[in-house]
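Just below is one structure, and these are the notes that go with it.
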Number of protein chains: 2
Amino acid sequence: MADALTALNESTTVMPSPRRAPPHERIIEVARELFCRDGIHATGIDRILTEAGASKMTLYGRFGSKEALVREVLAREGAEWRETFFALITAAGPDPADCLQATIPALRSWFEGARFYGCAFMNAAAEHAKGSSGGEPWLREMTAQHHAAIIAFLETQAQAAGYAEPRMMARQVLLVLDGAIAAMMVSGDVGVLDVAARNLRAVLRAG
Amino acid sequence: MADALTALNESTTVMPSPRRAPPHERIIEVARELFCRDGIHATGIDRILTEAGASKMTLYGRFGSKEALVREVLAREGAEWRETFFALITAAGPDPADCLQATIPALRSWFEGARFYGCAFMNAAAEHAKGSSGGEPWLREMTAQHHAAIIAFLETQAQAAGYAEPRMMARQVLLVLDGAIAAMMVSGDVGVLDVAARNLRAVLRAG
DNA sequence: AGACTAAGACTGACCGGTCTGTTTCGGCCA
DNA sequence: TGGCCGAAACAGACCGGTCAGTCTTAGTCT
């Protein structure tokens with residue numbers, strides 16, 4: 001009986017790896033996928049827990065609330081995005097000018113990935129209240145930090161490339177990327193990157 | 001008794017203007033404000049109807065569903081946005097080159113308006129499912145039409161301004177604007193327009 | 001034995017949508 | 001001018017379902 005139950009569990013439970021990730025880890029990963037793909041409001045707690053094979057006790061014991069889980073997910077999403085993005089760009093070569101140009105292929109590899117659901121921060125901002133209260137303050141703050149980290153990275157590249165106003169150049173480059181991301185999210189057409197590449201070249205030359 | 005009740009009704013009923021707009025009109029206007037400000041998912045039918053002073057029968061008799069109301073609201077929002085945007089730009093002067101430059105002040109007057117909640121189409125796209133199914137097809141289509149109308153307008157301006165590739169120039173200009181809109185929505189800082197203005201100048205010169 | 005976890009019943013609120021009445025109001029006829 | 005009628009709109013009860021969040025129970029590990 002016990003053996004049968006164990007066998008049943010092993011057959012039904014998803015267990016490709018010898019050891020499953022801890023529950024809160026599974027919750028975060030599933031929540032990340034669902035929040036990004038279907039939206040935060042549209043994703044219920046129960047769905048996350050079912051797909052993660054976790055219980056409400058675990059969720060509320062570890063995170064305390066859905067909003068806290070959202071914060072955790074956004075923090076991880078932002079950190080991983082920056083990690084891969086920066087890595088792709090620095091790998092473009094030793095010449096900083098090449099690195100700034102490499103932002104476009106970096107976006108391309110993101111856009112063409114299996115799971116492109118747009119910028120998580122843009123999506124979160126879009127589906128939260130935007131009234132005079134300014135929406136959730138923590139979201140504003142997290143977004144600002146994400147933004148600042150990218151600007152800082154681009155600024156070092158611009159400075160190394162010899163631009164007179166590296167900070168302004170970084171902001172200009174990021175604005176080009178923001179446009180491409182927004183357009184891609186709305187249209188789903190990777191062709192916007194060709195237009196973005198032209199804009200980027202114009203901006204880099206004029207700087 | 002009957003008089004007291006009548007007096008009560010007259011005092012409680014909101015009737016400041018001699019003639020109110022028809023119910024479906026009030027519903028659309030209230031829904032537009034709430035959908036744009038708080039998001040579509042976050043705005044319930046009951047709230048719209050309460051603020052509009054309308055009943056569910058009216059809503060479902062006129063529109064049929066919440067989704068149909070969303071479509072109606074997005075169509076109106078897009079049409080009015082284009083109307084005011086195009087008017088601001090054509091009013092910039094007889095020189096088409098000035099008109100293309102005037103897109104930035106046009107955005108500024110939008111951003112600084114009392115009710116800026118970001119681009120309604122970006123917001124709608126962000127809070128709808130983005131899975132492999134591609135989200136709601138009608139939303140994709142409406143967005144594409146809105147996009148195409150703006151591109152067509154900018155293309156005539158670019159052509160009149162003598163650019164060799166007016167269509168590409170229109171797409172480039174719109175991408176600059178998209179970036180500014182997305183950045184403004186996320187950060188709430190009107191300063192992005194200064195960066196966008198630089199980008200636009202670079203793009204127009206390089207064209 | 002004790003900590004952790006899954007499972008899930010449960011609460012109160014809200015969701016979109018349907019349905020039944022009641023009120024209001026403008027046109028019409030005498 | 002006054003009474004009447006029918007369409008439109010209002011009000012709100014009601015439905016099944018889902019929401020976020022709490023709590024109890026039972027099982028599974030070390």
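Every read-out reported here was derived from the displayed coordinates using simple, explicitly stated rules and does not represent laboratory data. As the structure is a computational prediction, the values presented were derived from the model and not from experiment. Cβ sites come from the backbone with ideal geometry, for glycine too, and all protein chains shown count toward neighbours.
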Work out how much length A:ARG115 to A:LYS56 would gain on full extension: take 0.36 nm times their residue separation and subtract the Cα-Cα distance, in nm to one decimal. 18.5 nm
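With the contact rule set at Cα under 8 Å and sequence spacing of 6 or more, what percent relative contact order holds for chain B? Mind showing how you got there, number by number?
Numbers: 157 pairs, mean separation 37.2, N = 207.
Relative contact order of chain B: 18 percent.
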Computed label-point distance, nm, for sites A:TRP138 and A:ALA91 using a 7 Å Cα→Cβ extension: 3.4 nm
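Fewest Cβ neighbours within 10 Å first, please rank B:MET142, B:MET169, B:MET57 accordingly.
With the fewest neighbours first, B:MET142, B:MET169, B:MET57 line up as B:MET57, B:MET142, B:MET169.
So if we plug the beta-carbon distance of B:ASP98 and A:VAL190 into 1/(1 + (r/R0)^6) with R0 = 30 Å, what FRET efficiency do we get, rounded to 0.05? It would help to have the intermediate numbers written out before the result.
Numbers: r = 33 Å, r/R0 = 1.11.
Step by step, r from the Cβ atoms, then E = 0.35.
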Env charge @ B:LEU107, Cβ radius under 12 Å, K,R +1 / D,E -1, value -2
At B:ALA129 and B:ILE45, where each label point lies 7 Å from the Cα along Cα→Cβ, what is the point-to-point distance in nanometres? 2.0 nm
How high is the FRET efficiency from B:ALA152 to B:SER65, r the C-beta distance, R0 30 Å, rounded to 0.05? 0.45
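With a cut-off of 8 Å between alpha carbons and a minimum separation of six or more residues, what is the relative contact order of segment B:93-207 in percent? Write down the numbers at each step before the final one.
Values: 83 pairs, mean separation 38.5, N = 115.
Relative CO of segment B:93-207 lands at 33 percent.
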